[in-house]
Amino acid sequence: MNTRCDSAVALAKGVVAAVGETPSVQVVLCPPSVYLSSVADAVAGTPVQLGAQNLYAAEDGAYTGEVNASMLTDVGCGFVILGHSERRALMGETDADVSKKLHAALAGNLVPIVCVGETLEEREAGKMEEVIETQVRGSLEGLDEVRAAGIVVAYEPVWAIGTGKTASPEQAEEVHALIRKLLGEMFTTDVAAQIRIQYGGSVKPGNAKELLGQPNIDGALVGGASLKAEDFAGIIAAG
């Protein structure tokens, strides 16, 4: 819940300018929903793509305040973030809720970016693997192999979001490898290899290259550093 319309558009234009015409990585901007149309105009005709921060799983109807998949595609979205740790913690979203949204996103031709991650308490209690497995399996419940290959999974250690702390490259790789293994068990190793797994947890220009250089880290879900075009550009360059 950052930016206002003018600053969201200015930020998008700054990212577009930094990315150039032939970026080496896929870049997606996910502004607040009220600014999606304005940011869509700012990135139109460029390689930078548009995503939303959330959706509601239902079709049209009496769901005041919510936004569904067809509304998002109508304003130009190709991606949507689902199950972010803040929504899990603050809005009480469960793995079952995320799974419903996942299927709604896919039915609406959106690429879902499904977030999973453990809290500091869970990590210190030795429950990281249990939490990650429960969230991955629950959030992707009912997904078939064909559609699974096109999704994105984002690992965000909750203890490293907005705290200035960052998982070491080794810590991040350990969890990404675990997620890849789980995906292989749920689908096939070939499908698991096709699924992009992003790291999200205080990614900055200074640590992006080492994080993104890990074998199972395919990209970054960038938070605070994406609010400055030059910082975001530095992370993109590291990819």
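The values are calculated or read from the model by the stated rules, or taken from the named source; none is laboratory data. Predicted model only: the values in this text are computed from it and were never measured. Backbone-built Cβ (ideal geometry, glycine too); neighbour counts: all protein chains shown. Ligands, DNA and RNA are stripped out before the accessible areas are found, and what is left, the full protein with its side chains, is counted by its heavy atoms. Shrake-Rupley method; radii C 1.70, N 1.55, O 1.52, S 1.80 Å.
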Helix-derived mean residue ellipticity, 222 nm - over the chain, DSSP H n ≥ 4, -39500 (n - 2.57), to 500: -13000 deg cm²/dmol
In the chain the accessible area split gives carbon plus sulfur, as whole percent at 1.4 Å, a share of 51
Roll a 1.4 Å probe over the protein chains and send me the accessible area per residue for the chain in Å². 48
Starting from the 7 Å offset along Cα-to-Cβ, what nm value, one decimal, do you get for the label separation of Glu59 and Gln171? 4.6
Could you tell me how many cubic angstrom of Cα convex hull volume the stretch 1-93 has per residue? 106
Additional length obtainable on full extension of the chain from Val25 to Arg196, 0.36 nm per residue less Cα span: 60.3 nm
So, R0 is 45 Å and r is the distance between the beta-carbons of Asp74 and Thr189; what FRET efficiency does that work out to, to 0.05? 0.75
I need the peptides 99-108, 228-237 ranked by packing, meaning the mean over residues of other C-beta atoms within 10 angstrom, with the highest value on top. 99-108, 228-237
